[in-house]
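Reviewing the structure listed below.
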Amino acid sequence: MKNLLTQFIRAILLIFLQVFILSQIEIGWGIHIMLYPIFILLLPFDLKPIFVLLLAFVFGMVIDSLSNTAGLHTSSLLTMALFRFSIFKVFSTRDGYDGIYSGTVYEMGSAWFFKTSTILLAIQHIWFFAFEQFSFNEVLYLFQKIILSLPISYFFCLLYQYIFVKKLAVR
C-alpha cells in the first residue's frame with residue numbers, strides 16, 4: 001500500500017512539474033525538457049508488463065490532455081514502456097532483479113542507471129520528436145532536437161532523484 005501511495009504522489013508531482021513548469025520553459029534550439037519519463041523508469045521491477053503499459057497510457061494521456069499535444073506524450077511513453085522490459089533484461093545481473101527495487105540510481109548504481117535510462121530516454125525522445133515533426137524534410141533539425149534535449153532531460157531525471165527519491169526512501 002505504501003508503494004502504491006508513493007507511485008501516486010510521484011505521478012502527481014511529475015505531471016505538475018512537466019505540464020506547469022518544464023513545458024513552459026523556452027530554452028531555444030528546439031530543446032524540450034522531459035522529466036515525466038522517469039515515472040516509467042522508476043516503476044518497480046516486479047510490476048507486470050501489462051500494468052506498466054497501462055500506467056504509461058494513463059500517465060501519457062493525462063499529460064497530453066493538459067498539454068494539448070494530441071497523443072505525442074502517450075505514444076512516446078508507451079514505446080518507452082514497451083522497450084523497458086528488453087533493456088532491463090539486457091542489463092540485468094545473472095540473478096535478475098529483486099522485486100522490491102525500482103531502478104533508482106541509489107538502488108541500482110549510477111552506471112546501470114546511466115546505461116538504461118539513456119537508452120530508454122533516447123527511444124522516447126526519438127519517437128516524440130519524429131512524430132512531433134512528422135516529416136523528414138528537416139532531418140538535421142530533428143537530430144538537433146534529440147541530441148540537445150536528451151542530456152538535459154537526463155540531467156533533470158538525475159536531479160529529480162537526488163531531490164525527491166532519496167527523501168522518500170528515508171521516511
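Points worth noting:
- For M61, the conditions (1) over 18 Å from T6 (Cα atoms); (2) touching a Pro at 6+ places or on another chain (Cβ under 6 Å) are fulfilled apart from (2).
- Residue check, I63 touching a Ser or Thr at 6+ places or on another chain (Cβ under 8 Å), at pLDDT 95 or above and in a helix (DSSP H, G or I): yes
- Residue that is most open to solvent (accessible area, probe 1.4 Å), among those in the stretch 91-112 that are part of a helix (DSSP H, G or I) and touching a residue at least 24 places away in the same chain (Cβ under 8 Å): Y106
- Restricting the stretch 28-67 to residues that are open to solvent by 70 Å² or more (accessible area, probe 1.4 Å), in contact (Cβ under 8 Å) with a residue 24 or more places away in the chain and hydrophobic (A, V, I, L, M, F, W, C), the residue that is nearest to F113 (Cα to Cα) is W29.
- Criterion violated by I25 - all others in (1) under 28 Å from I147 (Cα atoms); (2) surrounded by 12 or more Cβ atoms within 10 Å (Cβ to Cβ) satisfied: (2)
- Looking only at the stretch 127-153, and only at residues there that are in contact (Cβ under 8 Å) with a residue 40 or more places away in the chain and among the hydroxyl-bearing types (S, T, Y), the one that is most open to solvent (accessible area, probe 1.4 Å): Y141
- Filtering the stretch 68-78 to residues that are open to solvent by 10 Å² or more (accessible area, probe 1.4 Å), assigned to a helix (DSSP H, G or I) and hydrophobic (A, V, I, L, M, F, W, C) leaves L72, L78.
The values are calculated or read from the model by the stated rules, or taken from the named source; none is laboratory data. Given the structure is predicted, the values throughout are model-derived calculations rather than measurements. Reconstructed Cβ throughout: ideal geometry from the backbone, glycine too, with neighbour counts over all protein chains shown. Just the protein is used for accessible areas: all its heavy atoms, side chains included, with ligands, DNA and RNA removed. Shrake-Rupley method; radii C 1.70, N 1.55, O 1.52, S 1.80 Å.
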